[in-house]
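> Provided herewith is a single structure, encoded as structure tokens, for subsequent inquiry.
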Amino acid sequence: MRTIKGLIDGKRKRKSASSASEAPDAVDPFQPDRMHPELKRNEQALRDAFKSCSDIVYRSFQFEGRTECLLVYVEGLADSDGLQKFVIAPLTQGSGEASGDIAASVKRSVAVSEIREMSTLQDCSNRLLDGEPILLVDGVASGLALGLTKWESRSIEEPVAESTIRGPRGGFTETLRINTAQLRRIIKSSRLKLEPLEIGEYTRTKVVVAYVEGLADTKLVDEVKARLSRIRIDGILESGYIEELIEDQPFSPFPQLISTERPDTVCSSLLEGRVAIMIDGTPFALVAPVTFVSFLQAADDYYQRFLISTIVRWLRYIFLALSLLLPSIYVAILTYHQEMVPGTLLLSMASSREIVPFPALVEALLMEATFEALREAGVRLPKQIGAAVSIVGGLVIGQAAVQAGIVTAPMVIVVALTGISSFMIPRYVAGISVRMLRFPMILLGGTLGLLGVMMGTIAIVLHMGSLRSFGVPYLSTLQTPIFDEMKDVLIRAPWWSMRRRPRFTGEYNALRQPPAQKPGPDKGGGAGN
Amino acid sequence: MMYPTVLATGFLSLPTISAQFANNDLWLTPIFASLSGLLAIFLATRLHRLYPGQTIVEYSRSIAGAIPGTLFGCFYLLSVLQDTGLMIRQYAEFVTGAFLFKTPMLLVISSLMLLSAIAVRGGVELLARCAVIFTPLFCLPLFFLLLLIPELHAQYLLPVLERGIVPVLQGSATPQAWFSELFIMSFFLPRLADPDKAGKWGAISLTAVILSLLYIDFIALLLLGPDLSNKIYPVLVAFRYISLADFFENLEAMLLAIWVVGNFVKISVFLYVAVVTLS
């Protein structure tokens, strides 16, 4: 979209852009023409474009005492020490030997590994804004972009949102290159492809589509790239922007892409034939396609012993159902099906209900809303105050409310249990959607009893059944009762038996590893015998 | 998918209907009744092989000619619609009669119809996917009936075939109507990726239906004995009997749950058939 013809003058540019038939995305005040050989005119064009940009530094000097040079860079994004040492020093202290081509001799003198020649001011300004210093030489109709970028960035830390007990501790950072380097450190293969894209008219956010060639379905990769290139937006600040712009069903409560800050999670997805979308400026990468089950699989599952992982996984499934259904079932039973409750329990429940003024439905909604509010308050607050909130919330809301006779003790237990169980879902986003669906379920349970709960469940399953994530049915692993696929769903099969990659991500290279890798003392080769 | 379709409404009241004729030999009825199911599957697969990619409404025109074929299609549409209406009514009566006494039947009916309509709108793929997920959910509570083993009385089985085979055959007249619902699979055959396996899976679901019906008949008979034919919903009664460790009592609400799920699948399937017939 940078083909709009116009003058360098910013004002007229804007006018012509808005009057043009194309979308008003002409934020680049440069004409696409090639650069002028005269340094003065190039400098003037740059200075006009970057008017009132106090962070742009212009440093002019003379190459070998004769040729005028101009170094332009963004303060804070360029390595000024390096510029001094490797660019300005060698150029100004040149030997003065006469050579024909100035551009070639300048290039020869500059001691920087990465030099790219830019033939238009447009390219120059883009490079400049990416942090690369631009060297303009009088008499040369091009600018040299020097790979001397350097800015402050966070070091690699343990991911906060997804911590593991056993597993790599490194998480993604805000810098795209560090993140892709982390992927490359894990998958050391030329087949790991990292295709670059730029999204956002103003932010020009770098986005990388990562996949393993030969494992990922080419149709899937093309689809991801097509959807990304359709995006027209001012800026991308976080992966959430992209997620909302490329998902299949925008109104669904369920997430259709995994966002993760763990390089190992991304790599294991890539090895399963999925595609990852890495975004500059955020430690979160997106992975597609996903099924609902992938939201219930934690990275730990694959690092712990498989028996333990299997049990933990089942615990998670049970508590997922609990977190969705427990309050609504409790309300339904209390309101419509008291006969299901065993006699002694019913008595104690009835006696605690005696003093409570609200019907069970109102009580449940009240408590669930309070719990959500507490959780939300705890997230936003600084850590020190967060502890205070949980104490106040837990003690005051829980204990005191029961004693004051506003809510019943069983209801507090139910709400606390659902709260905890919703935190058992490894992916935070999936947990939120389940928590959100809990409220309509409570309403259904309070109005139609268990029938309503069943209706709600059917409706949710129906909706999930109709969802697709990049062409893969959301429930695909559950709907095809194929044992090989179930190995990663019902149980977490040991690695030596997970021979096949998930089928839905493509037919390529279905086999993961050769058979018969089950270890044992009879395998030989060691001192085990 | 066919399994819950056939069984959903069947298992609730069938034991009673067959018992009215066959008394203590009612467990034999599904076996005889299954013959019609076998016939239905055979017909459906064979017809499909003759006219691949077409539903019965489409190929009935090529078999019988344009006008009789269209008439047949209309007739089939009417009967499917009537079946659907009947099932929903039956379901709503069960729910309001046994559980939610004060709820207006209209609400019960319309909520389920809404869900089924959404499912049908999602197409056959969504239907199949939901059916696969719901089938275990549907079957699982049936195993709770095993908790009744201490209450079962094997002597109710005797005497076998006391009055000859005729009452058994009479008793199987009603269940065979359920089994013939398997013919509905002919509407799904054109949509299958691998229609050759359809016959096999039809047979498997037929066997599953027979086994489940046998199981339910046995439980109902051994639990209730001669009293069986007086109960409207023997399985409901059976669920009420369940009492384990004074804790698992009165599990009939579970029955309601599976009943809803099964009915949802069944009604969706019938609605889908009606829609396909109409189009």
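> Per residue, what volume in Å³ does the convex hull of the Cα atoms of the range A:154-300 enclose? Each step should come with its number before you reach the end.
Values: hull volume 15.8 nm³, N = 147.
It comes to 108 Å³ per residue, whole-number rounded.
> Separate question: How much accessible area does A:Val87 have with a 1.4 Å probe, in Å² rounded to the nearest 10?
The accessible area comes out at roughly 0 Å².
> Describe numerically, in nm with one decimal, the distance between label points set 7 Å from Cα along Cα→Cβ at B:Cys139 and at A:Ile115.
7.3 nm
> Within 10 Å, at most 11 other Cβ atoms, and a DSSP state outside H, G, I, E, B define an exposed site. Report the longest part of chain A free of exposed chymotrypsin sites (Phe, Trp or Tyr not before Pro).
Values: sites that count: A:Trp151, A:Tyr202, A:Phe251.
So the longest stretch without any such site is A:252-529.
> Run the quick spin-label model on A:Ser190 and B:Ile67: label points 7 Å from Cα toward the beta carbon, then report their separation in nm to one decimal.
Each label point lies 7 Å from its Cα, and together they span 7.5 nm.
> Here is a follow-up. Using all alpha carbons of the range A:302-473, what is the percent of pairwise distances in each 5 Å bin, ordered from the shortest bin to the longest?
Histogramming the range A:302-473 at 5 Å steps yields 1, 8, 14, 17, 19, 15, 12, 8, 4, 1, 0 percent.
> Using r as the Cβ-Cβ distance of A:Lys51 and A:Asp234, and R0 as 30 Å, what FRET efficiency do you calculate, to the nearest 0.05? Before the final figure, lay out the partial values.
On the way: r = 21 Å, r/R0 = 0.70.
According to the calculation, E is roughly 0.90.
> If you don't mind, another one. Which whole-number value in Å³ per residue fits the convex hull of the alpha carbons of the range A:236-283? Walk me through the numbers on the way to the answer.
On the way: hull volume 4.0 nm³, N = 48.
Residue-normalised Cα hull volume stands at 83 Å³.
> Ordering A:Arg262, A:Arg468 by how much accessible area each has at a 1.4 Å probe, largest first, what is the list?
Values: A:Arg262 5, A:Arg468 80 Å².
Reading off the accessible areas and sorting them downward yields A:Arg468, A:Arg262.
> Roll a 1.4 Å probe over the protein heavy atoms and report the accessible area of A:Ser323 in Å², nearest 10.
We get 0 Å² for A:Ser323.
> Extending each Cα 7 Å along its Cβ direction at B:Leu78 and A:Ser252, get the distance between those two points in nm, one decimal.
Output for this residue pair reads 4.3 nm.
> Something else: On a 0 to 90 degree scale, rounded to 10, what angle separates helix A:218-229 from the longest Cα axis of chain A?
70 degrees
> Let me ask something else about it. Applying 1/(1 + (r/R0)^6) with R0 = 41 Å to the Cβ-Cβ distance of B:Leu43 and A:Val160, what FRET efficiency is obtained, to the nearest 0.05? Please list the in-between numbers first.
Working: r = 63 Å, r/R0 = 1.53.
Plugging the Cβ-Cβ distance into 1/(1 + (r/R0)^6) gives 0.05.
> Consider just the alpha-carbon atoms of the range A:400-442 and return their Rg together with their Dmax, both in angstrom.
12.5, 37
> Right, here's the next one. Determine the principal axes of the Cα atoms in chain A, then give the extent along each, sorted from largest to smallest and rounded to whole angstroms.
Between the extreme Cα coordinates on each principal axis of chain A lie 104, 68, 47 Å.
> Another question, if that's okay. Over the Cα atoms, compute the radius of gyration (one decimal) and Dmax (the largest Cα-Cα distance, rounded to a whole number) for the range A:97-224, in Å.
19.5, 65
> Quick one: pull the percentage of alpha-carbon pairs in the range A:33-146 with a separation above 23 Å.
Values: 1316 of 6441 pairs.
That fraction is 20 percent.
> Structure shown: which of A:Lys188/A:Lys219; A:Lys188/A:Lys225; A:Lys40/A:Lys225; A:Lys225/B:Lys266; A:Lys85/A:Lys225; A:Lys85/A:Lys193 lie over 31 Å apart, alpha-carbon to alpha-carbon?
Working: A:Lys188/A:Lys219 24 Å; A:Lys188/A:Lys225 23 Å; A:Lys40/A:Lys225 41 Å; A:Lys225/B:Lys266 41 Å; A:Lys85/A:Lys225 41 Å; A:Lys85/A:Lys193 35 Å.
In this structure, A:Lys40/A:Lys225; A:Lys225/B:Lys266; A:Lys85/A:Lys225; A:Lys85/A:Lys193 exceed 31 Å between Cα atoms.
> Would you kindly find the accessible area of B:Cys139, with a 1.4 Å probe and non-protein molecules such as ligands, DNA and RNA excluded, rounding to the nearest 10 Å²?
Using a 1.4 Å probe on the heavy atoms, I get roughly 30 Å².
> Right, something else. May I ask you to list the GluC sites (Glu not before Pro) in the range A:42-128 that are in a DSSP loop and have at most 13 other Cβ atoms within 10 Å of their Cβ? Intermediate values should be presented prior to the final figure.
Numbers: sites: A:Glu43, A:Glu64, A:Glu68, A:Glu75, A:Glu97, A:Glu114, A:Glu117; in loops: A:Glu64, A:Glu75, A:Glu97, A:Glu114.
Answer in residue order: A:Glu75, A:Glu97, A:Glu114.
> Then there is this: If you place +1 on the Cβ of every Lys and Arg, -1 on the Cβ of every Asp and Glu, and leave all else neutral, what size is the dipole of chain A about its Cα centre, to the nearest 20 Debye?
Its charge dipole is roughly 840 debye.
> With a 1.4 Å probe and all protein chains kept in place, how do A:Val208, A:Val402 rank by accessible area, largest first? Kindly include the intermediate steps, with their values, before the conclusion.
Details: A:Val208 0, A:Val402 45 Å².
I get A:Val402, A:Val208, largest accessible area first.
> Using just the helices of chain A, give the 222 nm mean residue ellipticity in deg cm²/dmol: DSSP H runs with n ≥ 4 each add -39,500 (n - 2.57), and the total is spread over all residues, rounded to 500. Don't skip to the answer; put the middle values down first.
Numbers: 17 runs with 215 residues, N = 529.
Helix contribution divided over all residues of chain A: -13000 deg cm²/dmol.
The values are calculated or read from the model by the stated rules, or taken from the named source; none is laboratory data. Since the structure is predicted, the reported quantities are computational estimates derived from the model, not experimental observations. Cβ atoms come from the backbone with ideal geometry, glycine included; neighbour counts cover every protein chain shown. Just the protein is used for accessible areas: all its heavy atoms, side chains included, with ligands, DNA and RNA removed. Shrake-Rupley method; radii C 1.70, N 1.55, O 1.52, S 1.80 Å.
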